[in-house]
Each structure stands twice: as structure tokens, then as C-alpha cells.
Amino acid sequence: MNHIQKGLYEHFKGKRYEVIDVAMHTETGEAMVIYKALYKGDFPEGTLWVRPLAMFKEQVSVDDKLVPRFRYLNDQKNKI
């Protein structure tokens, strides 16, 4: 399924992002998550990013433990 909960997420490295929507890649049909940085970095705060949905939802190894790449933080009711 190409669904993900909209709202606030925390990357496993600690930065926070807001998931805006899911879009489809025009050439591959792959679901892509559109999300916004909620911090200042080497780019303007609020910069939009895109990442494949499968990668956004995957688990990564941190100190030999599997954790979500992005952890959902708030409980909005609408799904995209």
C-alpha cells in the first residue's frame, strides 16, 4: 500500500520532519514521500524533501538494534 500517516516524524539521527503527502514517480510509478525539514541546516528551514516510501518506512541498524528510519510522533487521524 502507498499509505503513510501525515504529521510529525523524527529521523533516527534526531532531526524532525513533517510528512506532507505521497506522490508517484512519473517514470517508475514508485511511491515517494514528500516531507519538510523542521530545522535549519545547510538549507533554508522548511525545505521540502522526497524519498521513496519503502526507504522512508524501513528499519535501520543503530547500535545493533533495528529502529525505524523515521519514527511517527503525533496521532493525526488522516492518512494519505
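Each value in this text was obtained by applying a stated rule to the coordinates, not by laboratory testing. Just so it is clear, the model here is predicted, and its values are computed rather than measured. In this analysis, Cβ positions are derived from the backbone assuming ideal geometry, glycine residues included, and neighbour counts consider all displayed protein chains.
If I take every Cα pair under 8 Å that is 6 or more residues apart in segment 7-72, average their sequence separation and divide by the length, what percent do I get for the relative contact order?
30
Could you check the spin-label model distance between Val50 and Asn2? Points 7 Å from the Cα along Cα→Cβ, value in nm.
Output for this residue pair reads 1.2 nm.
Which FRET efficiency, nearest 0.05, do Lys36 and Gln59 yield, Cβ-Cβ r, R0 25 Å?
My answer for the efficiency is 0.60.
Rg and Dmax of segment 7-72, Cα atoms, in Å?
12.6, 37
Please return the longest stretch of the chain lacking exposed loop sites, where GluC sites (Glu not before Pro) count only if DSSP places them in a loop and at most 11 other Cβ atoms lie within 10 Å.
46-80
At most 11 other Cβ atoms within 10 Å plus a DSSP loop assignment makes a site exposed; report the longest stretch of the chain without any exposed trypsin sites (Lys or Arg not before Pro).
With a cap of 11 other Cβ atoms within 10 Å, the longest stretch comes to 41-76.
What does the charge count around Arg69 come to, taking other residues whose C-beta lies under 12 Å from its C-beta (Lys +1, Arg +1, Asp -1, Glu -1)?
Around Arg69, the surrounding residues sum to +3.
Kindly provide the helix-only [θ] at 222 nm of the chain, computed as the sum of -39,500 (n - 2.57) over DSSP H runs of four or more divided by all residues, to the nearest 500 deg cm²/dmol?
-1000 deg cm²/dmol
Across the chain, how many lysine pairs, 8 or more apart or on two chains, come within less than 24 Å at their alpha-carbon atoms?
The result is 23.
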